[in-house]
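The values are calculated or read from the model by the stated rules, or taken from the named source; none is laboratory data. Remember, predicted model here, so these are calculated numbers, not experimental data. Every residue, glycine as well, gets a Cβ built from its backbone with ideal geometry; the counts of neighbours run over all protein chains shown. Side chains are part of the model used for accessible areas, which takes the heavy atoms of the whole protein and leaves out ligands, DNA and RNA. Shrake-Rupley method; radii C 1.70, N 1.55, O 1.52, S 1.80 Å.
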Amino acid sequence: MVDPREFARCFPSVKRLEPDSLAAFLEQLEVREYAEQNVIFAAGDEPEAVYLIASGSVLVLHSGVGGPAVTLGRIRRGEMVGEMGVVDGGPRSASAVVEQAVVAWRLSREGYLSLRDEGHPAIGWILGELGRRLSQRVRSVESRIGRAREQPALASTLPAEAARSRRWYQWLWPWS
Amino acid sequence: MQELPEKPSLSTREVLEEHPLFQRFSEAERARLLGDAQVREVFPGEAICREGSPANEWYLLIEGRARVSRTRPDGGQEIIAALEAGALFGVVGVLDNERRPATIAALQPGRCLVFSRGLLEAEGRQSLCLAELLCMALNHQLRAVNQRLLGMARDADGAEGGGRDFGGWRQPTSGG
């Protein structure tokens, strides 16, 4: 069983869930550990789970078939990786490779769909988190595209600081 | 005035019933969406939304095709994507309350459903289906901008060479 206090230290907004709802959600999670350079999932894989990072860091890489490798993002403690495929069911578009040894909480796609289909309160929190992070990433990549127009070599370069988060999720989704 | 295609058009209700993104909505939720939406006919070259304008609406292209273009730093226009019937777009700008980053113009006679910001504010607080739909729209946009970034990286790599090895994966030569 995942410790709710430990989970809430990584994902503070989860405190807005009622304790029973949080407990039911945490029951769906499995703890996974990965060593440096392990591949958590590879481009083309089926989207079997989303990983909520408890410690360490993960690089999201496009592996460069027919072109250069591109680091699309660096995921750290308190962030998620693999959420895109879990939401839309499409195959992985990039690979997740461990940069620094990782402990992650794994929510399977079946677990996500099960929570969603029963209208579980935790799904509102998950969707709020996903929406916020997806919006951040869209803006971050758009920002990189803008910089790469000026300096093409920057297209492959992960910026030091991602685009700042927006606040829309706070008025839109009270669960997040 | 140009005529719409002779192919029989689905009603807007049928469009939402058959659209994969709206499958999980209840009939009442779909009715509320349609109660807010306006149907807009568009003709080749007509802008559905313009770069730099306030983002107060979001759209579902229900017939026809459209192109997405934006102004280059040198003042010219570049086409960055094409949209097919069924595309949901304009969501990120509404959520972030920012100006449109691109112009979307019809390539063919068609129709789109125009939804208001107010609908998101009213329904987004209650509807998990709408929250999931927004995540899917964001997902789709993220996949699209990632592809654009990778295309730019490929172009730059052709001009300047590749990155370095990273445990079997190639990592860009700078970053972080």
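Order the following by accessible area, largest value first: A:ARG32, B:ARG32, A:ARG16. Probe radius 1.4 Å; ligands, DNA and RNA are ignored.
Ranking A:ARG32, B:ARG32, A:ARG16 by accessible area, largest first, yields A:ARG16, B:ARG32, A:ARG32.
Sum up the charges of everything whose Cβ sits under 12 Å from the Cβ of B:ARG40, counting Lys and Arg as +1 and Asp and Glu as -1, but leave B:ARG40 out.
Within the 12 Å Cβ shell, the charges total -3.
Based on DSSP H runs of at least 4 residues, each adding -39500 (n - 2.57), what is the mean residue ellipticity at 222 nm of chain A after dividing by all its residues, to the nearest 500 deg cm²/dmol?
Result for chain A: -11000 deg cm²/dmol, rounded to the nearest 500.
Counting only protein heavy atoms, what percent of the accessible surface of the range B:44-166 is carbon or sulfur at a 1.4 Å probe?
In the range B:44-166, the share of accessible area belonging to carbon and sulfur is 47 percent.
Using a 1.4 Å probe, what is the accessible area per residue for the range A:13-152, in Å²?
Dividing the accessible area of the range A:13-152 by its residue count gives 37 Å².
What is the sum of charges around A:ASP3, taking Lys and Arg as +1, Asp and Glu as -1, for the other residues whose C-beta is under 13 Å from the C-beta of A:ASP3?
0
How far apart, in nanometres, would the label points at B:ASN56 and B:GLU98 be if each is projected 7 angstrom from Cα along the Cα-to-Cβ direction?
2.0 nm
When chain A is modelled as a GNM with alpha-carbon springs shorter than 10 Å, which of A:ILE145, A:ILE75, A:ILE126 fluctuates the most?
Comparing A:ILE145, A:ILE75, A:ILE126 in the GNM, the peak value goes to A:ILE145.
How big is the A/B interface in buried accessible area, both sides summed, 1.4 Å probe, to the nearest 100 Å²?
Its buried surface, counting both partners, is about 5100 Å².
Ignoring ligands, DNA and RNA, please state the percent of accessible area on the range A:13-152 from carbon and sulfur, probe 1.4 Å.
After summing per-atom areas, the C and S share lands at 44 percent.
Sort the range A:13-152 into rounded, prolate or oblate with this rule: let a ≥ b ≥ c be the square roots of the eigenvalues of the Cα gyration tensor; rounded if a/c is under 1.5, and if a/c is not under 1.5, prolate when a/b is larger than b/c, oblate otherwise.
Prolate shape, in that a/c is at least 1.5 and a/b is the bigger ratio.
Near the amide H of B:ARG100, under 5 Å away, which other amide H atoms are found, from residues 5 or more places off or on another chain, if H is placed in the peptide plane?
Sorted by chain and number, the residues that satisfy this are B:GLY52, B:SER53, B:ALA55.
Check each residue of the range A:117-151 and keep those whose accessible area, probe 1.4 Å, is at least 30 Å² smaller with all protein chains in place than in the chain alone; give them in order of residue number.
Flagged in the range A:117-151: A:LEU127, A:LEU134, A:VAL138, A:ARG139, A:VAL141, A:GLU142, A:ILE145, A:ARG149.
State, as an integer percentage, the relative contact order of the range A:13-152 based on alpha-carbon contacts under 8 Å between residues 6 or more apart.
32 percent
Probe 1.4 Å, all protein chains in place: accessible area of A:TYR34 in Å², nearest 10?
For A:TYR34, the solvent-accessible surface is approximately 40 Å².
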